[in-house]
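Inspection log for the structure reproduced underneath, given as structure tokens.
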Amino acid sequence: MFLGILSAGTAFTLWGIFPLYLKLLKSVPSLEILSHRVVWSAIFLGLILASRRQWDWVQSIRARPRIALAFVTSAAMLGANWVIYIWAVNADRIVDASLGYFIAPLFNVLFGVLLGERLKPLQWTAIALAGSGVAWLTLSTGELPWIGLVLAVTFSLYGLIRK
């Protein structure tokens, strides 16, 4: 259990300071930053898979094109999410971007309910409170939080597709 808490704490800390790193790259276009992340991640993953000789999964994906389509679609959602997030940070819209990851669980719940999940009254109360917070922030800024909504929808769709 301690390892899980330590891992979560580390992940949340890194995610929290990530905008500081992105600010250093402000002169680099968002799509270029994302492209580097994709290419270097693919190279690193390829090296890991090669060293472990774990290539069996490639054949199973080739045999099931529906899974390959799900991977491509979820990757597109994640890519859109990341390019908007990087752009938002570099455009000094960090709070708007953060709001997106606050709104995302509301979309996750919405998708779950649309797929047949049943919520208990206390869960509906929690949703209403979170929704009220988003509504208050929206009204106080006087504009639709489009960055947050795009980030929330793309991240939630990514999770839905991967599920």
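The values are calculated or read from the model by the stated rules, or taken from the named source; none is laboratory data. Computed from a predicted structure; not experimentally measured. Using ideal geometry, Cβ is built from the backbone for each residue, glycine included, and neighbour counts are taken over all protein chains shown. Remember, those area values only see protein heavy atoms, side chains included, never the ligands or the DNA or RNA. Shrake-Rupley method; radii C 1.70, N 1.55, O 1.52, S 1.80 Å.
Worth pointing out:
- All C-alpha to C-alpha distances of the range 121-163, sorted into 10 Å bins beginning at zero, yield P(r) values of 25, 38, 34, 3 percent in whole numbers.
- The range 1-137, accessible surface, carbon-and-sulfur percent (1.4 angstrom probe): 73
- Heavy-atom surface of the range 39-163, accessible at 1.4 Å and reported per residue (Å²): 68
- Compared with the dominant Cα axis of the chain, that is its longest principal axis, helix 2-24 is turned about 80°.
- Each Cα pair under 8 Å and six or more residues apart adds its separation to the average, and for the range 52-163 the resulting relative contact order is 47 percent.
- Cα centroid separation, the range 114-163 to the range 25-102 (Å): 23
- Cα gyration tensor shape of the range 52-137, rounded if a/c is under 1.5, else prolate or oblate by comparing a/b with b/c: oblate
- Value of [θ]222 nm, deg cm²/dmol, for the chain, DSSP H segments ≥ 4, -39500 (n - 2.57) each, nearest 500: -29500 deg cm²/dmol
- Heavy-atom accessible area order for Ile67, Ile43, largest first, 1.4 Å probe: Ile43, Ile67
- Computed magnitude of the charge dipole of the chain (debye, nearest 20; Cβ of K, R +1, Cβ of D, E -1): 600
- Candidate residues Met77, Met1: accessible-area rank, largest first, probe 1.4 Å: Met1, Met77
- Between the helical axis of 30-52 and the longest alpha-carbon principal axis of the chain there is an angle of about 50 degrees.
- Cα-based helix-to-principal-axis angle, 65-90 vs the chain, degrees rounded to 10: 60
- P(r) tail, the chain: Cα-Cα pairs separated by more than 28 Å, 36% of all pairs.
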